[in-house]
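Comments concern the structure below.
The values are calculated or read from the model by the stated rules, or taken from the named source; none is laboratory data. Source: prediction; values computed, not measured. Because the Cβ atoms are built from the backbone with ideal geometry, glycine has one as well, and the counts that use them run over all protein chains shown.
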Protein chains: 2
Amino acid sequence: MKQVVLRNYPRGAPSAGDFAVETAEMPEPSTGEVLLKTYWLSLDPLIRFSLDERRLTGRAQVRPGEVLYGGAVSRIEASNVAAFSVGDWVEGRTGWREFAAVDPAVVPLRKIDAGAAPPSAALGLLGMPGQTAHACMIEVGRVTTGETVVISAAAGAVGTIAGQIGKILGARVVGIAGGPEKCRAVEALGFDVCVDYRASDYADQLAAACPGGIDVYIENVGGAVTQAVLPLLKYQARMPVCGFIAYYGMGLEGPGPDRLPGFMRTIMSKGLEVRGFGGALVAGPDALDNLARWHGQGKIRLAETVVEGLDEAPAAFAGIFSGNANVGKLVVRVAAE
Amino acid sequence: MKQVVLRNYPRGAPSAGDFAVETAEMPEPSTGEVLLKTYWLSLDPLIRFSLDERRLTGRAQVRPGEVLYGGAVSRIEASNVAAFSVGDWVEGRTGWREFAAVDPAVVPLRKIDAGAAPPSAALGLLGMPGQTAHACMIEVGRVTTGETVVISAAAGAVGTIAGQIGKILGARVVGIAGGPEKCRAVEALGFDVCVDYRASDYADQLAAACPGGIDVYIENVGGAVTQAVLPLLKYQARMPVCGFIAYYGMGLEGPGPDRLPGFMRTIMSKGLEVRGFGGALVAGPDALDNLARWHGQGKIRLAETVVEGLDEAPAAFAGIFSGNANVGKLVVRVAAE
């Protein structure tokens, strides 16, 4: 079977050459383990944090030669665990490999109702990106009717869901994405307008899209994209921090100048509320139920880009950091259902 | 009469030479104006914002040749306004001058009950610093019994009050100040411990003072002082931003490296809540009443450093930015009561 390992720690943005696809022995499930066949892999920018040589967060770390980890959807092929039966669909961090033998007491597995939505939705709308979007818009952002919400990385897994939640909540929803093609896709999902951050007049376009200022800014990006947002924030605006892809792989410090003084000045002078998403704990216990209900009612559409085959996973993962053209959740089809 | 004008825009930290003490005509109150005699001037780091050539906030700006502004306590010498009588004590932004003729409809004047506390308290505990400390500890910080609160610029006008509020709320209160003398003064106000940020083992001392981590960090400083705080913040800690004196006069960007990536990472990974004080509006309507009551009950002591005479105001103001030795609210006695 195939698996993907880390060849060397990426420097800054990952490239496909930082990873290697290799052949490994088929695993055998021991007592207390299940044998999983992988169908879908989640390509998520957060995986970047597990690839830092210097450990900066509590997140698990992958060393050169080790298999990569991220969300995956699998089916039970054989089971030595009473709670799991052959044929069950499950989601868990079971590794970038075609088959895995895992102990569910060590690697938590979440059962999926494959009848309610396609199994891959467990990596997007009905998984971590959905919980993140729910938390950022509702629990942290407290978005209400008539407010103006700006969402960066609007075409991303979280952004596409957050914007659709914003429309359900009755807000004016402005997206920010890279390139006219992505912007059109974002607008097709119901965003009121999407601004292209690559346009030479990006800051002016953004200001024109938010004539009354911004009540809530969903931060997914950081860097220059965000610098244009800050002057438009209203007094006591909220800024849920759900990601900051511009800084991933940068460590704790980037090249100067130091933009922290200006950010602190904005926070203080505007009475800004900046709050980190801080993991799925912040999402209410009913987040996944809400999302499944909205999906069932046709109020939220699944947005997904599919990469075919484990061999393509390294290049597709690297593409996230160079602003590839995918819209919605980026997943790898490892095996056909 | 004497007044203090801006000679030139300060570059970075102000120096006494950026200001000039000059003689001016005694003002005459017109119709609708009162004549004020200044007794006390507030020396506040926020005044620095009015001295930037480039206007970065909505704050009023002083240009070279113009009189400086900040809080001042005065007494009515003559009145052409029914609401104000000769002998009334008032607080308002009436300028760094011995006498002023002002229209209270243009320059708001707040009457002071000189029987409840010394008139200068209207510039500290019973004024803007008190409201700021109240808002940062209660409305924004939501400090509760048993929590660990760290307060930077603990010896400052806001810090001395915030720490005493923390003890009233039942929190463990850790101060950060510059030098052993200031730290002893801070501890004498009831802080559990005060850590000297100039000590070579400052970060270790701070960690030792907060063995269970930090629930709330009252940010008054920024820069290296804050960098040592961030790793100690607990999951979902709160960080009211009440000032950041390390960055004043720096504009929106400081010399590199860029520390914003590390700050964003801390915000996201810890689910941190960072919220700007954003002006007195955030303080509850009962903030000044609470502070006056606590003062009357002997639960909060006035901490004040007095500079004698308007001639000394420029050097004393500049001293704020070089970490002078004053403890509590820094005021200038312009005239003896």
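Worth a mention:
- When the test is whether a residue is touching a strand residue (DSSP E or B) at 6+ places or on another chain (Cβ under 9 Å), within 14 Å of another protein chain (Cβ to nearest Cβ), among the small types (Gly, Ala, Ser) and buried (at least 19 other Cβ atoms within 10 Å of the Cβ), A:Ala135 passes it.
- Apart from one condition, A:Thr160 fits all of (1) out of contact with any strand residue (DSSP E or B) (no Cβ under 6 Å at 6 or more places or on another chain); (2) surrounded by fewer than 23 Cβ atoms within 10 Å (Cβ to Cβ); the exception is (2).
- Sole residue being aliphatic (A, V, I, L, M), exposed (fewer than 15 other Cβ atoms within 10 Å of the Cβ) and either under 22 Å from A:Ile320 (Cβ atoms) or touching a Gly at 6+ places or on another chain (Cβ under 9 Å) (or both), chosen from A:Ala105, A:Ala16, A:Ala24, A:Ala72: A:Ala105
- Scan the range B:220-242 for residues that are more than 7 Å from every other protein chain (Cβ to nearest Cβ) and either part of a loop (DSSP other than H, G, I, E, B) or closer than 16 Å to A:Leu272 by Cβ (or both) and the total you get is 8.
- Some residue of the range A:51-62 being small (Gly, Ala, Ser) and either within 18 Å of A:Val332 (Cβ to Cβ) or part of a helix (DSSP H, G or I) (or both): no
- Scanning the range A:274-284 for residues that are surrounded by fewer than 20 Cβ atoms within 10 Å (Cβ to Cβ), within 27 Å of B:Met264 (Cα to Cα) and without any contact (Cβ under 8 Å) to a residue 40 or more places away in the chain turns up at least one hit.
- Taken over the range B:244-276, the residue count meeting the criterion of being under 19 Å from B:Ile151 (Cβ atoms) and more than 7 Å from every other protein chain (Cβ to nearest Cβ) is 4.
- Test: residue in the range A:218-228 that is among the small types (Gly, Ala, Ser), more than 30 Å from A:Asn8 (Cβ to Cβ) and not assigned by TED's automatic domain parsing to the domain that holds A:Phe317: yes
- Filtered residues of the range A:194-219 (kept if outside any loop (DSSP other than H, G, I, E, B) and aliphatic (A, V, I, L, M)): A:Val195, A:Ala203, A:Leu206, A:Ala207, A:Ala208, A:Ala209, A:Ile214, A:Val216, A:Ile218
- Answer residue from the range A:1-38, given it is of a type in the set (Asp, Glu) and free of Cβ contacts under 8 Å to residues at least 60 places away in the same chain and is farthest from A:Val81 (Cα to Cα) among those: A:Glu22
- Against the list (1) of a type in the set (A, V, I, L, M, F, W, C); (2) within 17 Å of the chain's Cα centre (by Cα); (3) part of a helix (DSSP H, G or I), the condition A:Ala292 fails is (2).
- Considering B:Ala325, B:Ala336, the condition of being over 22 Å from the mean Cα position of the chain (by Cα), more than 14 Å from chain A (Cβ to nearest Cβ) and more than 19 Å from B:Gly166 (Cβ to Cβ) is satisfied by B:Ala336 alone.
- B:Leu41 in a helix (DSSP H, G or I), within 19 Å of the chain's Cα centre (by Cα) and either surrounded by fewer than 20 Cβ atoms within 10 Å (Cβ to Cβ) or in contact (Cβ under 8 Å) with a residue 24 or more places away in the chain (or both): no
- Flag if B:Val241 is under 19 Å from B:Pro180 (Cα atoms), buried (at least 21 other Cβ atoms within 10 Å of the Cβ) and touching a Phe, Trp or Tyr at 6+ places or on another chain (Cβ under 7 Å): no
- Taken together, the criteria exclude A:Val221 from residues that are over 30 Å from A:Gly256 (Cβ atoms) and in contact (Cβ under 8 Å) with a residue 24 or more places away in the chain.
- Within the range A:168-190, considering residues that are closer than 24 Å to A:Leu123 by Cα, in contact (Cβ under 8 Å) with a residue 40 or more places away in the chain and in contact with a Lys or Arg (Cβ under 8 Å, 6 or more places away or on another chain), the one surrounded by the most Cβ atoms within 10 Å (Cβ to Cβ): A:Leu189
- If you check B:Gly298, B:Gly319, B:Gly271 for being touching a residue at least 12 places away in the same chain (Cβ under 8 Å) and of a type outside the set (Lys, Arg), only one passes: B:Gly271.
- For the range A:98-126, the set of residues classified as in contact with a Leu (Cβ under 8 Å, 6 or more places away or on another chain) and not aliphatic (A, V, I, L, M) consists of A:Glu98, A:Phe99, A:Pro118, A:Gly124, listed by residue number.
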